[in-house]
Amino acid sequence: MTNDLHPALVPIYETVLRRNPGETEFHQATYEVLESLRPVVDKRPEYVEASVIERICEPERQIIFRVPWVDDRGKCQINRGFRVEFNSALGPYKGGLRFHPSVYLGIVKFLGFEQIFKNALTGKPIGGGKGGSDFDPKGKSDAEVMRFCQSFMTELYRHLGEYTDVPAGDIGVGGREIGYLFGQYKRITNRYEAGVLTGKGLTWGGSQVRTEATGYGLVYFVNEMLLAENTTFEGKRVVVSGSGNVAIYAAEKVSQLGGTVVALSDSGGYVVDEGGVDLDTIKDIKEVRRGRISEYVQGRNARFIEDGSIWDVPCEIALPCATQNELDDAAAATLVRNGVRVVAEGANMPTTQAGTRVLREAGVKFAPGKAANAGGVATSALEMQQNASRDSWSFETTDDRLKEIMQGIFGSCMMTAEEYGMPGDYVAGANIAGFTQVADAMLALGII
Ligand code: NDP
Ligand code: 2IT
């Protein structure tokens with residue numbers, strides 16, 4: 001289906017389909033950006049003439065490698081590792097690593113593609129990339145996770161560097177994994193090159209607020225959306241999907257700003273606590289014990305629902321913070337029926353194309369992930385900045401910078417949408433604002 005694309009972009013999208021067979025998530029991510037570029041093609045034909053759009057859809061480099069490791073029973077396990085270095089027009093490749101059994105090239109490419117524009121929106125000098133593995137950390141011992149990370153880095157290290165490519169976390173990769181990865185990088189290279197990875201621990205080169213940054217940044221962005229509608233989080237019912245890094249700190253900031261998070265989930269189901277979910281308990285289950293969300297209801301007046309959708313829970317603000325395509329058209333219709341006013345993506349591409357259409361047609365304010373969840377990578381850029389200057393900033397200073405960056409992204413999405421005749425369309429605003437920055441740099445750098 002190409003009928004919403006500018007005619008000049010149809011052959012480019014057809015090339016994406018032909019070159020990347022079966023990579024449906026990558027097709028979806030490119031289609032969404034190309035669709036937004038309709039007015040840009042008319043205004044700036046040089047982007048097509050200098051094949052900037054065509055080049056931006058083809059990764060600069062794609063690395064796929066074997067990751068052998070030995071489990072606790074002494075048995076050899078084989079996983080597949082990926083790093084897609086998508087675009088370095090604005091800076092070194094930057095983007096997370098995902099460890100999840102669903103990871104394949106199409107997932108890594110969609111994430112890397114989104115990352116290009118997200119990183120441009122932050123205003124920081126970072127290009128776009130993403131990586132990961134089909135390794136499943138669930139149920140593995142710390143020792144197994146360490147051996148896997150060491151094997152993964154034994155290949156990946158040769159492609160990294162603070163001026164080349166700087167990974168961080170994503171699904172299944174948090175502080176523990178970044179520690180093992182950084183340790184192995186340091187050992188192989190014999191360099192304490194702190195700026196090669198972000199999301200490090202506070203005692204070994206990490207930045208204040210990086211743990212909280214994606215979730216906090218998402219809520220700062222939504223706060224700007226609410227202020228534009230003359231309202232705030234105060235007294236609002238909020239549903240947050242997931243219960244990982246992004247979901248937990250989004251929920252924390254929502255409650256700090258006076259909202260009530262009534263539901264959270266994991267891949268096993270969701271919990272509803274009408275009085276507001278207790279985050280100390282969630283942190284203990286998820287961050288300390290690495291347990292299941294179902295454990296939350298033990299001894300409390302809350303419900304666990306195994307089958308069904310968290311989007312059935314009525315709310316005014318919905319924050320999908322788990323994974324791609326978790327909010328489809330049926331879920332969107334239920335949210336609309338129950339009176340949702342704002343949907344903002346903490347995860348990458350959590351809303352399907354049909355889901356986005358339902359929300360948009362119902363007049364729901366919708367914030368796309370590349371704008372709304374950019375606080376994580378923006379704070380990674382602040383971590384790189386602190387590493388480069390051998391400095392470390394206080395929590396307050398770093399949090400203030402994060403807030404300013406999110407306000408800046410909100411402003412540029414809004415202004416760009418207005419400039420291109422689509423006021424209030426944050427999807428168009430984010431895609432166009434991110435794209436034009438990268439495209440202008442690519443024009444200046446010549447055909448490379
Ligand atoms: P975590 O691994 O910390 O948490 C992921 C959460 O989502 C868990 O609750 C997990 O449940 C759930 N989940 C993951 N995959 C699935 C699935 N296939 N079906 C149902 N539930 C699932 O990851 P993050 O919080 O870091 O990442 C969440 C999202 O946010 C991702 O889309 C990521 O790309 C995006 N993101 C992350 C950033 C970061 O800085 N970490 C920055 C910007 C975006 P379970 O434990 O049961 O698997
Ligand atoms: O999707 C994302 O922006 C991330 N997982 C964070 C990337 C980063 O480099 O901090």
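Each reported figure results from applying straightforward, stated rules to the coordinates on display, with no laboratory input. Nothing here was measured: the structure is a model prediction, and the numbers come from that model. Reconstructed Cβ throughout: ideal geometry from the backbone, glycine too, with neighbour counts over all protein chains shown.
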Length gain on complete extension for the stretch Glu287 to Ser267, per 0.36 nm per residue less the alpha carbon to alpha carbon distance? 5.6 nm
Starting from the 7 Å offset along Cα-to-Cβ, what nm value, one decimal, do you get for the label separation of Glu234 and Glu404? 2.7
Please list 361-371, 302-312, 424-434 highest first by mean number of surrounding beta-carbon atoms within 10 Å per residue. 424-434, 361-371, 302-312
Of all DSSP beta bridges having both residues in the stretch 161-297, the percent classed as antiparallel (nearest 5) is 65
Ordering of 206-216, 2-12 by burial proxy (mean other Cβ atoms within 10 Å per residue, highest first): 206-216, 2-12
Magnitude of the Cβ-charge dipole (Lys and Arg +1, Asp and Glu -1) of the stretch 35-111 about the Cα centre, nearest 20 debye, reported as 400
Counting DSSP beta bridges with both ends in the chain, the antiparallel % (nearest 5): 55
Between Leu227 and Arg61, the FRET efficiency computed from the C-beta separation at R0 = 45 Å comes out, to the nearest 0.05, as 0.60
Show me the ranking of peptides 327-336, 437-446 by mean Cβ neighbours inside 10 Å, starting with the highest. 327-336, 437-446
With Pro101 itself left out, Lys, Arg at +1 and Asp, Glu at -1 over residues whose Cβ is under 10 Å from its Cβ give -1
Residues of the stretch 263-281 with backbone nitrogen within less than 17 Å of a virtual label 7 Å along the Cα-to-Cβ line of Val297, please, listed as ranges. 263-278
Report the charge-dipole magnitude of the stretch 195-258 in Debye, nearest 20, computed about the Cα centre from +1 at each Lys and Arg Cβ and -1 at each Asp and Glu Cβ. 200
Among Ile116, Asn301, Met225, which residue has its Cα positioned farthest towards the positive end of the charge dipole of the chain, with +1 placed on the Cβ of Lys and Arg, -1 on the Cβ of Asp and Glu, and the dipole taken about the Cα centre? Ile116
Lysine-lysine proximity count for the stretch 1-153, Cα under 26 Å, sequence distance 8 or more or distinct chains: 16
Would you please give the FRET efficiency between Asp280 and Thr164, computed as 1/(1 + (r/R0)^6) with r the Cβ-Cβ distance and R0 = 45 Å, to the nearest 0.05? 0.65
If R0 is 45 Å, what FRET efficiency do you get for Arg360 and Glu54 from their C-beta distance, rounded to 0.05? 0.95
Computed over the chain, the relative contact order (Cα-Cα under 8 Å, seq sep at least six) in percent reads 15
At 0.36 nm per residue, minus the direct Cα-Cα distance, what do Arg73 and Arg337 gain on full extension? Give it in nm, one decimal, please. 89.9 nm
